[in-house]
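**Student:** Below you will find the structure I want to go over with you.
The values are calculated or read from the model by the stated rules, or taken from the named source; none is laboratory data. As the structure is a prediction and not an experimental result, all values here were calculated from the model. Don't worry about glycine lacking a Cβ; one is built from the backbone with ideal geometry, like all the others, and counts go over all protein chains shown. We work out accessible area using only protein heavy atoms, side chains counted, and drop any ligands, DNA or RNA first. Shrake-Rupley method; radii C 1.70, N 1.55, O 1.52, S 1.80 Å.
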Amino acid sequence: MASASSSSSRCHPTLAVALLCAIAAVSSAAAGGAGGRGPITTAGRNYTRVCDPARFAALGLDASRFRYCDASLPYADRVRDLVGRMTLEEKVRNLGDQAEGAPRVGLPPYRWWGEALHGVSDVGPGGTWFGDVVPGATSFPLVINAAAAFNESLWRAVGGAVSTEIRAMYNLGHAELTYWSPNINVVRDPRWGRASETPGEDPFVVGRYAVNFVRGMQDVGSGRTAAAGDPFARPIKVSSCCKHFAAYDVDAWFKADRLTFDAQVQERDMVETFERPFEMCIRDGDASCVMCSYNRVNGIPACADARLLTETVRDQWQLHGYIVSDCDSVRVMVRDAKWLNYTGVEATAAAMKAGLDLDCGMFWEGARDFFTTYGVDAVRQGKIMEADVDNALTNVYLTLMRLGFFDGMPEFESLGATDVCSKEHKELAADAARQGMVLLKNDAHRLPLDPNKIKSVSLVGLLEHINATDVMLGDYRGKPCRVVTPYNAIRKMVNATYVHACDNGACDTAEGMGGAARTAKIADATIVIAGLNMSVERESNDREDLLLPWNQTGWINAVAEASPYPIVLVIMSAGGVDVSFAQNNLKIGAIVWAGYPGEEGGTAIADVLFGKHNPGGRLPLTWFKNEYVNQIPMTSMALRPDAARGYPGRTYKFYDGPAVLYPFGHGLSYTNFSYASATTGATVTIPIGAWEHCKTLTYKSGAAPSPAPACPALNVASHRCDEAVSFAVTVRNTGGVGGGHVVPVYTAPPAEVGDAPRKQLVAFRRVFVPAGAAVEVPFTLNVCRDLAIVEETAYTVVPSGASTVIVGDDALALSFAVTINLAV
């Protein structure tokens, strides 16, 4: 049995009492308000599809008289009939997130706003709710944790589990079918408050996460495909929405605010970084929704920029779905940005003409969205055509057709309460948390702790981290199925657990630090759990520094000094934290980044600390020392170094300063790996067709080749791009413990090319390698996609010369040259 000790009046003498209180609070909250409303409620009865003849009869209507309910017709014809039957006023009342429907023609209301960032959430105006038969849903690790796993099949599995729970809840009247997730903004700056919601700093990783999560959410299966090849008729399980487009990653930093911020972005950075994840999400993931952001981009609000919404998202990338505003973005143009001094009518017209289909309003302000408020006047005053309204409604109702909202979807009609919080989903949440754990430091093999030798543990830290019923769940969460805290899980591993848990303000007092030090002296091992929470990093709250708050550094050092053995430090955070004090302290033997690991996070932490799971996660963003915040303002959008201003650049691709603590991709293991490859180089000759034109290259000063190549670079937009380089890497586990291992593949342009990425990730695989065994991992790189760079002109080009393929990070890396000959 565990015991507890404490010597601070503001610390908790028995964590068990705190746990019981927390469990009671969670249970009470999860109980929610019971109710009987269904997904479609008509005349007091619940229905799961619009075109149920009984539902129409209850309205005094005959379903057979409405062509939009004729399932034999193409979706486009049915939607045309539905929209054509509606008056202008009825149409406009369905342009907001709380669509009112049109009872006259049998159309029910619909609540569009749903959130499923890392599990089904009840954030929003009531379209998703918990209570009675659905007290909660599986709360998976935050996205930044999932990204650290570098496991595409895991990302798809999580998306699939979340969509299954949504479908089950929909059948029970607890959910809708449209969810505005994932968040795929690149973490350009480590201070951004929303890092927890995103897959990190690399646009390729962010894009691959988007593709897999969206496919998991939306794909119905091989048995249901688009009718006659029409992508607008492809059935989808749950509609997934990639947000926030575009160049959004400043929330509230000193005087900079997302509602008024004008992101000044070079075209090259738009193509290379800010747009790429969204292009992948739409082209490869076939997302059915894109959300535009609050901010302006080069002076124009993102939600009123026709070049972004219509020319790029819909026409160039071929979105098969609808575009929605971030909530209140259209109002923000008028109220906050005061863009062009537009009125509500003018802002509504500008956004709709730019390509916005649906306007999300702010339900907690009691205000209607702008489209619903001003749409009729915009038409009557000649600012937009009624056909613009028709087009917007066509996009949103085609999406609902594909979801089975009108006809039902037999594949999912059997799902019910037992499919929410299932044993399989809870284990998937635990596995996702394990895979995302990153071992940052492990001096003298301090970890794993051997449960056969470690009979007692001192657990020291903030109560909210040790008993992390709230912190582990992060933002945009719903009601969890359960919460396994670090305390709950660790105490099952050892005979005795001594706890010193304090509130934020009490840890660094003389009494608090003394109690923590005394606790550290009495056990076989000391585990300190520290970090951040949602009061420090979250939406609408960017960080001003990268330090641990509440003087955690001081008392962590005090505990380390008092402990007879090197302590283990577990960090809960989303963004990077400057823990250089711990990295350099010999009495802190190991550091584990746990992120915000979701409802099963305690199990994952304990499994890693005690060796039941060998950590294989990698950091999806660079961890900087705190001096970084003095090197570049958060509001500078450029990625590349700026010598004139003394800015050192951003992310692993461009940063050239000394402030890196842990690089992108850093992560240790309890075993050792080695790489080998039979490929030592490759040459690719690309014939340049008569219709193709060579492009110039930017060279480093004094490094331009002589003589100059006849064709410096090839514009990939004009080429078929069939050329590829294939190779295999043998990953050998040379240690005594089996483990998962991430094999990253980077490319770097020819050394003489200037103003280009230092390297860029183009592929990765996570493999499990048993102790003493080897696994061959094959890769095929498309030359146009994987060896290309974005030039200053914003052309994406393949440079001639010797590019480099780099497999792995740090000492483990191997590399070989790929020589590109552009034959004119």
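**Student:** What does DSSP give for segment 86-412 in terms of the percent of beta bridges that are antiparallel, rounded to the nearest 5?
**Tutor:** Roughly 40 percent of the beta bridges in segment 86-412 run antiparallel, per DSSP.
**Student:** Quick one: 3J(HN,Hα) in Hz for segment 303-319, Karplus 6.51/-1.76/1.60 with θ = phi - 60°, rounded, Gly and Pro as x.
**Tutor:** My calculation for segment 303-319 gives 7, 10, 9, 4, 5, 6, 7, 8, 5, 8, 5, 8, 7, 6, 8, 6, 5 Hz in order.
**Student:** From the cross-link list 521/587; 453/625; 492/625; 255/383, which pairs have alpha carbons spaced over 24 Å apart?
**Tutor:** Going by Cα-Cα distance, 453/625; 492/625; 255/383 fall outside the 24 Å limit.
**Student:** Which order, highest average first, do 209-216, 621-628 follow once you tally other Cβ atoms within 10 Å for each residue and take the mean per peptide?
**Tutor:** In descending order of packing, they fall as 209-216, 621-628.
**Student:** OK, next. What's the carbon and sulfur percent of the chain's accessible surface, probe 1.4 angstrom, rounded to a whole number?
**Tutor:** 51
**Student:** So what is the calculated 222 nm ellipticity per residue for the chain, using -39500 (n - 2.57) for each DSSP H run with n of 4 or more, over all residues, to the nearest 500 deg cm²/dmol?
**Tutor:** After summing the helix terms and dividing by the residues of the chain, the value is -7000 deg cm²/dmol.
**Student:** With +1 on the Cβ of every Lys and Arg and -1 on the Cβ of every Asp and Glu, and nothing else charged, how large is the dipole of segment 86-412 about its Cα centre, in debye rounded to the nearest 20?
**Tutor:** For this selection, approximately 80 debye.
**Student:** Over the residues of the chain, compute the C-alpha Rg and express it relative to 2.2 N^0.38 Å.
**Tutor:** 0.97
**Student:** Relative contact order, percent, of segment 86-412 when contacts are C-alpha pairs under 8 Å separated by at least 6 residues?
**Tutor:** 17
**Student:** Among all the lysines, which ones have a C-alpha under 28 Å from residue 695's C-alpha, if same-chain residues fewer than 8 places away are not counted?
**Tutor:** List returned: 653, 759.
**Student:** Here's something else I'd like to know. Using a 1.4 angstrom probe, figure out how much accessible area segment 673-822 has per residue, in square angstrom, rounded to the nearest whole.
**Tutor:** Here the residues of segment 673-822 average 44 Å² of exposed surface.
**Student:** Take the Cβ-Cβ distance between residue 717 and residue 565 as r, set R0 to 56 Å, and report the resulting FRET efficiency rounded to the nearest 0.05.
**Tutor:** Once the sixth-power term is evaluated, E becomes 0.40.
**Student:** Can you give the relative contact order of the chain as a percent, counting alpha carbon pairs under 8 Å and 6+ residues apart?
**Tutor:** Once divided by the residue count of the chain, the mean separation gives 14 percent.
**Student:** Considering only protein heavy atoms, what per residue accessible area in square angstrom results for segment 386-504 with a 1.4 angstrom probe?
**Tutor:** 34
**Student:** Still on this structure: Assuming 0.36 nm per residue, please report the length gained on full extension of the stretch residue 771 to residue 306 beyond their Cα-Cα distance.
**Tutor:** 161.9 nm
**Student:** With the calculation restricted to Cα positions, what are the radius of gyration and Dmax of segment 694-790 in angstrom?
**Tutor:** 18.0, 54
**Student:** Sticking with this one: Order these peptides, 486-495, 86-95, 170-179, by their mean beta-carbon neighbour count within 10 angstrom, highest first.
**Tutor:** The densest-packed peptide leads the list: 170-179, 486-495, 86-95.
**Student:** Turning to a different aspect of this structure: Suppose R0 equals 30 Å. What FRET efficiency, 1/(1 + (r/R0)^6) with r the Cβ-Cβ distance, do residue 418 and residue 57 give to the nearest 0.05?
**Tutor:** My answer for the efficiency is 0.40.
**Student:** I'd like the Karplus ³J(HN,Hα) series for segment 289-296: coefficients 6.51, -1.76, 1.60, θ = phi - 60°, whole numbers in Hz, and an x wherever there's a Gly or Pro.
**Tutor:** The phi angles translate into 7, 10, 10, 8, 9, 5, 5, 8 Hz.
**Student:** Counting only DSSP beta bridges with both residues in segment 427-662, what percent are antiparallel, rounded to the nearest 5?
**Tutor:** For segment 427-662, the DSSP antiparallel bridge percentage is about 25.
**Student:** Points 7 angstrom from Cα along the Cβ direction at residue 267 and residue 631: gap in nanometres?
**Tutor:** Distance between label points: 3.0 nm.
**Student:** Still on this structure: Would you mind telling me the antiparallel percentage of the DSSP bridges in the chain, rounded to 5?
**Tutor:** Around 60 percent of the beta bridges assigned by DSSP in the chain are antiparallel ones.
**Student:** So what is the relative contact order of segment 682-724, in percent, for Cα pairs below 8 Å that sit 6 or more residues apart?
**Tutor:** Taking the mean separation of contacting Cα pairs over the length of segment 682-724, I get 50 percent.
**Student:** Then there is this: Using heavy-atom solvent-accessible surface (probe 1.4 Å) with all chains present, what is the largest-first order of 693, 741?
**Tutor:** Result of the area sort, largest leading: 693, 741.
**Student:** What order do you get for 608-619, 806-817, 512-523 when each peptide is scored by the mean count of other beta carbon atoms within 10 Å, highest first?
**Tutor:** The peptides rank, most packed first, as 608-619, 512-523, 806-817.
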